[in-house]
Amino acid sequence: MSEGGIVGMLARQIGAGECALSAWVGINDSAVAEQLARDGYDTVTLDMQHGAIDVVGAMRGVAAVALAGKPTIVRIPVGEFATASRVIDAGAAAVIAPMINSGADARRFADFMKYPPIGQRSWGPRAALTHSGMIGPAYLHSANAITLAIAMVETAEAFEALDEILGTSGIDGVFIGPSDLSIALHRGALVDPHGADVDAAFTKAVTRAKAHGKFAAAFCFDGKRARELAGRGFGLCSVSTDALLLRAAARAELAAARA
């Protein structure tokens, strides 16, 4: 395996210009994450913000996905940047931080994600050494490049500060949450993740990210949307969620049984 092991796989794939397709897991059982990793996804995102994943579940999920030979992304709860350090110490390849609305928010997030001189991450890469295949000094000097800090931009305020966020040293990319963004853009009047205004935000995000030498990512409800955004230059897209896949499969098989 290339330098950086499982931890570095995601950064290498995105850096090569490929779009990484991620499973999205909110069920707090590492077997779900491992199964989806074995079903062909490039990576698995464990959702601590709106999913049922807790810190222990995230750490177990990272290990289970690594058993399948894949890297893990963790979406932390809003403002819990200390949790970002804990999950990357556990071997996560990337962290998505929600509600990053300014350069100051981005700077604080990056400080917990990156070692000096870029950030202020403290030393304690417990399982990260194993998953990266590196000894201490080698990991220290490589971690900032192979561990991705992804700022979630999902408000009008965040898009006004998009260049400031992308220009923050230590931020590797931005992630769009289309549902929250649509609510913000419509001032709470409706949720329309596939609306024209959200689509325009997608275009702005990928254009500005490329201008900064970084990448744009997005939550996608299905494979069709993920394929479209990959074609538009996005570096990371989710493809549905564990709950949506379970619901769709259950309904389809019950319909077939009752037909």
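Details
- Only one of the listed residues (SER142, SER85) is under 30 Å from ALA31 (Cβ atoms) and either of a type in the set (Lys, Arg) or assigned to a helix (DSSP H, G or I) (or both). That residue is SER85.
- Checking ILE53, ILE100, ILE88 one by one, the residue that is of a type in the set (A, V, I, L, M), farther than 18 Å from ASP180 by Cβ, crowded, with 24+ Cβ neighbours inside 10 Å and out of contact with any Ser or Thr (no Cβ under 8 Å at 6 or more places or on another chain) is ILE53 and no other.
- Of all residues in the range 209-259 being exposed (fewer than 14 other Cβ atoms within 10 Å of the Cβ) and of a type in the set (Lys, Arg), the one that is nearest to GLY61 (Cα to Cα): ARG247
- For the criterion of being touching a residue at least 60 places away in the same chain (Cβ under 8 Å), within 29 Å of ALA90 (Cα to Cα) and either among the small types (Gly, Ala, Ser) or in a loop (DSSP other than H, G, I, E, B) (or both), GLY213 fails.
- Residue check for VAL74: under 22 Å from LEU181 (Cβ atoms) and part of a loop (DSSP other than H, G, I, E, B): no
- Of all the criteria given as (1) surrounded by 20 or more Cβ atoms within 10 Å (Cβ to Cβ); (2) within 16 Å of the chain's Cα centre (by Cα), the one not satisfied by ALA145 is (1).
Readers should treat all values here as calculations from the given coordinates under stated rules, not as data from a laboratory. This is a predicted model, so every value here is computed, not measured. As a convention, Cβ positions derive from the backbone with ideal geometry for all residues, glycine included, and neighbour counts pool all protein chains shown.
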